[in-house]
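The structure under discussion appears below in the form of structure tokens.
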Amino acid sequence: MSSKSTLWLTALTATAALCAATAMADEPRPRTVSVTGQSEVAAEPDMARVSLGVDSRKPTMADARAEVTATVDRVLALCRELKIDPKYVNATRLQVQPEYRWNEKDSKRVLLGYAVTRQVDIELRDLEKLGTLLEKAVDAGVNQVGDPVLDSTRRKEIERQAMTKAVEDARLNAETLATAAGVKLGTVRTLNGNASQPGVPMYRAKAMMAADVAGAPPEETYQAGEMKFSAVVNAVSVDLAKS
């Protein structure tokens with residue numbers, strides 16, 4: 001192909017591209033309605049994740065480990081007593097740490113002993129047993145009790161309910177805007193959203209030191225809060241025409 005033909009073809013291609021770009025620029029940009037939908041679904045927790053820790057400090061590692069092991073054995077026996085499925089009990093976390101002090105006179109470290117820590121993680125599927133589990137675990141020698149993390153076995157289902165309600169809220173918001181502006185809504189161009197994790201409710205103690213509950217059984221001294229699952233949806237819809 002001659003250089004003259006090449007130049008002609010290049011000029012023709014550039015002209016076609018320029019015409020296409022001009023045509024696109026002349027086309028009116030579609031009018032859109034952008035809205036946000038929100039929702040919240042309340043649910044009662046039906047499970048709890050409990051972390052029970054045992055910490056022992058002794059001059060020898062053997063003594064510290066023996067004390068921790070004895071306590072963990074009592075906790076595992078308690079889980080069996082409460083008929084907690086073994087697959088929901090994890091007692092594999094173990095940490096051993098030597099402890100020293102600095103001797104200024106000799107400018108060296110002196111071994112004081114050993115700290116042995118073991119943790120038992122329990123997924124409790126019966127919240128009525130939570131008070132008993134916590135109280136008896138402390139009686140068994142547990143000296144580190146984390147705040148129970150409440151959850152629902154229906155989490156996914158509830159999150160989808162929240163998302164569905166958020167989409168409905170977004171649709172109503174879009175219709176309200178379109179009606180006020182005197183336009184009609186078209187199809188949805190984009191839709192995105194997410195369900196947020198609920199705030200972990202406190203597993204509240206019912207004034208355990210108060211006289212009116214003195215001597216009450218452990219299962220009656222704790223009360224679960226309510227979980228709230230929220231969702232937010234952002235939607236963009238095409239505005240078709242004037243009403």
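Read the figures in this text as sums done on the coordinates, not as results from a lab. Bear in mind that the values here come from a model prediction, so they are computed numbers and not experimental data. Positions of Cβ are backbone-derived with ideal geometry, glycine not excepted, and every protein chain shown enters the neighbour counts.
Here are the numbers for this structure:
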item: Principal axis box of segment 47-151, alpha-carbon based, largest edge first, Å; result: 57, 24, 22
item: Summed residue charge, Cβ within 12 Å of Pro98's Cβ, Lys/Arg positive, Asp/Glu negative; result: +3
item: Built amide H within the under 5 Å cut-off of Val183, gap 5+; result: Ser243
item: Segment Leu111-Arg49, length gained on full extension (0.36 nm per residue, minus Cα span); result: 18.7 nm
item: Charge tally in the Cβ shell below 10 Å around Val116, where Lys, Arg are +1 and Asp, Glu are -1, Val116 excluded; result: +1
item: Sites Asp121 and Thr36, calculated FRET efficiency, Cβ-Cβ separation with R0 30 Å, nearest 0.05; result: 0.20
item: Sparse-neighbour loop sites [GluC sites (Glu not before Pro); segment 65-125; at most 14 other C-beta within 10 Å; DSSP]; result: Glu104
